[in-house]
Amino acid sequence: MEANKDSAIQCLHMAKESITDASNSSHPEACYDKAIRLINKAKKLYEDVNPSHHGFDKNLKSIDDLLGYVLTKKHQHGPHHQSSAASSSSSSTTPSSSRSNNQESSSSSGNESGNDSSPTYTKEQKDEVLKIISYKDDYYKVLGVDKKATKDEIKKAYRKLALKFHPDRNTVPEATEAFKIIGGAYIKLGWTNKKECSEDSMEEEVAD
């Protein structure tokens, strides 16, 4: 077991190098993919290793925390990022006006291009994405969990939402932005030790 732990730690060090390389690479996704493979290998070798003890951020206290962080970083640099950024910069400051503007844009596009340009997503999917974006400053609402939720409940909620709003599965233009917000909320809340923090101090910590 000790040998497995040492091998897992070595994998984490190599993953950290790949994450660092991504910031200077013209193909950052390849670096993040390599890091994800190494992190998964570390998990198989010794699941209980704590990344924060080996050069990673103090908030990343488990391998699942680290995987969530790297997946979020990868999609920030992915092919959907530029289109999402352009969409975000042109959106209004309120969810209702944003929804109105996007509906008008879709309608206009449909009139110009004909019936074949109909969106491949439903109105419900669009509304769900916009709701996540409107909650971006409230991590609990983003994940749909109570402030007293356990770490396992937070992790379960994150995984469910990450699958639902993953840009490869959700074709709503703003899905990438919603996916990043979900990942950020999990990083903020997933590691918090509820037994050591009062609710008030926890809220102050999240607000920081």
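The values are calculated or read from the model by the stated rules, or taken from the named source; none is laboratory data. Worth saying up front: this structure is predicted, and the values here are computed from it rather than measured. When we count neighbours, we look across all protein chains shown, and the Cβ atoms used for this are built from the backbone with ideal geometry, even at glycine.
What residue, of A22, A15, is modelled with pLDDT under 85, assigned by TED's automatic domain parsing to the domain that holds D57 and closer than 20 Å to Q76 by Cβ?
A22
I'd like the full set of residues that are part of a loop (DSSP other than H, G, I, E, B) and under 15 Å from the mean Cα position of the chain (by Cα), limited to segment 153-173.
H166, P167, D168, R169, N170
With a cut-off of at least 3 residues that are modelled with pLDDT of 85 or more, name the helices (runs of 4 or more DSSP H) lying wholly within segment 47-152.
Those helices (runs of 4 or more DSSP H) span 63-76, 123-134, 139-143.
So, in segment 153-208, of the ones that are aliphatic (A, V, I, L, M) and at pLDDT below 50, which residue ends up surrounded by the fewest Cβ atoms within 10 Å (Cβ to Cβ)?
A207
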